[in-house]
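Trainee: So that we are looking at the same thing, I have put the structure below in structure tokens.
The values are calculated or read from the model by the stated rules, or taken from the named source; none is laboratory data. Remember, it's a predicted structure, so these values are computed and weren't measured experimentally. No Cβ is skipped: glycine too gets one built from the backbone with ideal geometry, and neighbour counts run over all protein chains shown.
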Amino acid sequence: MLEGVHKQVDCQGLSCPMPVVKTKRAIDEIEPGQVLEVIATDPGSVADVKSWATRTGHQFLGTTEHQGTFRHYIRRAKPSEVQEEKRHPHTISHDELLAKLAADPVILDVREPVEYAFGHIPGAKSVPLGRLHEWVRMAKHLTEEEIHVVCHSGNRSDTACQILHEHGFKRALNAVEGMRRWNGPIHTLETLETAEVGE
């Protein structure tokens with residue numbers, strides 16, 4: 001544990017939303033001004049932990065990575081600086097999204113590329129949360145369209161929807177149930193490669 005770190009929480013082997021869930025609990029166990037170290041192996045935790053800290057008023061100090069292990073550092077805010085965590089108000093259920101698939105809706109999958117590769121909604125575009133701002137710059141022509149956003153559990157996609165809304169995408173919809181509960185059709189990279197061979 002680095003000098004200056006007051007508490008360490010081990011999230012190795014856990015996927016979204018558990019690294020953030022455990023971070024929330026651990027931050028309450030240290031004093032304002034003290035530093036929490038979060039150890040995780042989920043690449044998505046890089047964007048998730050930073051986003052959570054920023055939204056709630058805690059100071060995100062940075063992340064280091066070594067051989068697939070990420071260490072995130074957060075300084076707990078003073079009580080007067082802590083902000084209530086807000087949720088994006090506009091959501092869509094899996095049944096509603098499934099009914100729209102035939103119309104080729106705009107779907108952003110904000111998970112990490114490896115998660116996307118192992119299974120995603122047909123037609124969904126891979127836009128990891130950490131690269132969402134790049135997509136925003138190229139997609140200004142879609143500000144009036146419905147943008148359906150999905151992740152593993154509905155947490156990362158909530159953050160993405162808030163970012164999109166701030167940049168003028170007023171019709172961003174969070175698929176709150178996440179891919180872990182998706183029971184519709186699934187494409188994998190293998191599926192796409194097979195389809196291309198058959199063309």
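Trainee: Filter region 115-164 down to the residues that are part of a helix (DSSP H, G or I) and closer than 16 Å to HIS187 by Cα and list them by number.
Mentor: First, the residues of region 115-164 that are part of a helix (DSSP H, G or I): 115-117, 129-138, 140-142, 155-164.
Hits for region 115-164 are GLU115, TYR116, ALA117.
Trainee: Residues LYS78, LYS86, LYS50: which one is of a type in the set (Lys, Arg), within 20 Å of VAL5 (Cα to Cα) and either exposed (fewer than 12 other Cβ atoms within 10 Å of the Cβ) or in contact with a helix residue (DSSP H, G or I) (Cβ under 8 Å, 6 or more places away or on another chain) (or both)?
Mentor: On inspection, the qualifying residue turns out to be LYS78.
Trainee: OK, next. Every residue in region 1-11 that is in contact (Cβ under 8 Å) with a residue 24 or more places away in the chain and over 17 Å from the mean Cα position of the chain (by Cα), please. Explain how you work it out, then say what you get.
Mentor: Here is the first cut: in region 1-11, the residues in contact (Cβ under 8 Å) with a residue 24 or more places away in the chain are 1-2, 4-11.
Selection gives MET1, LEU2, GLY4, VAL5, HIS6, LYS7, GLN8, VAL9, ASP10.
Trainee: Moving on. Which condition breaks for ARG55 when tested against (1) in a helix (DSSP H, G or I); (2) in contact (Cβ under 8 Å) with a residue 24 or more places away in the chain; (3) out of contact with any Lys or Arg (no Cβ under 9 Å at 6 or more places or on another chain); (4) not small (Gly, Ala, Ser)?
Mentor: The single condition ARG55 does not satisfy is (3).
Trainee: Next question. Of VAL149, VAL176, VAL110, which residue is touching a strand residue (DSSP E or B) at 6+ places or on another chain (Cβ under 9 Å) and surrounded by fewer than 23 Cβ atoms within 10 Å (Cβ to Cβ)?
Mentor: VAL176
Trainee: Does region 153-168 contain at least one residue that is among the basic types (Lys, Arg), buried (at least 23 other Cβ atoms within 10 Å of the Cβ), closer than 14 Å to HIS88 by Cβ and modelled with pLDDT under 95?
Mentor: Keep residues of region 153-168 that are among the basic types (Lys, Arg), which gives 156.
From the residues that got through so far, the ones that are buried (at least 23 other Cβ atoms within 10 Å of the Cβ) too are 156.
Subset that is closer than 14 Å to HIS88 by Cβ: 156.
From what is left, the residues that are modelled with pLDDT under 95 are 156.
Yes: one or more hits.
Trainee: Additional query: Which one of these is in the same structural domain as MET18 (by TED's automatic domain parsing) and touching a Leu at 6+ places or on another chain (Cβ under 8 Å): GLY62, GLY44, GLY68, GLY33?
Mentor: From the options GLY62, GLY44, GLY68, GLY33, the qualifying one is GLY44.
Trainee: Is there any pair linking a residue in region 122-145 that is assigned by TED's automatic domain parsing to the domain that holds ALA160 to one that is surrounded by 15 or more Cβ atoms within 10 Å (Cβ to Cβ) and acidic (Asp, Glu), with Cβ under 8 Å and at least six apart or on different chains, and which?
Mentor: Final answer for the pair search is ALA124/ASP109; LYS125/ASP109; SER126/ASP109; VAL127/ASP109; PRO128/GLU112; LEU129/ASP48.
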